[in-house]
């Protein structure tokens, strides 16, 4: 096969390069959780106490994780979101995604809505005794829970899926090397 034919074949079937780039992008997305941001853009800390997180734990019938009373690391309690990062290669495109049900809101921001119940109110009052420094906030939320209100929380955007310019530059390098040599390993 001629060099031109080999080049044409690589251009027609870039799948190996796309898998290498997808692996790199997914690793960068996971790394954002450890670095608490992407590139030079650091994530805002979580609210303390994280009322939405506390209500989530109480709604699931689990004990409240102590991380709900710490501002960092943001988006890290169970590791489920970070662990849900995947990528798919479709023809000539890479789809980087997180499959956790709350991933889109975590990445792009938005409003979280949680139904409060009297049972949650009772557990919030108990929690206020364990964490007296947050007692006022927890008791106020317990009163709202007794009324069956909804907790609305504005979740700030914390990019972890969109690659940085440096990651795009590395991807361009992988693709260029693949086109030249057929190899996908970074130099």
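Read-outs: derived from the displayed coordinates by stated rules, not from any lab. Keep in mind that this is a model prediction, so the values were computed, not measured. Counting neighbours? That spans all protein chains shown, and the Cβs are built from the backbone with ideal geometry, glycine included.
Computed over the stretch 95-187, relative contact order equals 33 percent, with contacts defined as Cα pairs under 8 Å that lie 6+ residues apart. In the set (1) 102, 43, 32; (2) 68, 41, 26; (3) 76, 27, 22, the label that goes with Cα extents along the principal axes in Å computed for this structure is (3). Model label sites at residue 136 and residue 92, defined 7 Å from Cα along the beta-carbon direction, differ in position by 6.1 nm.
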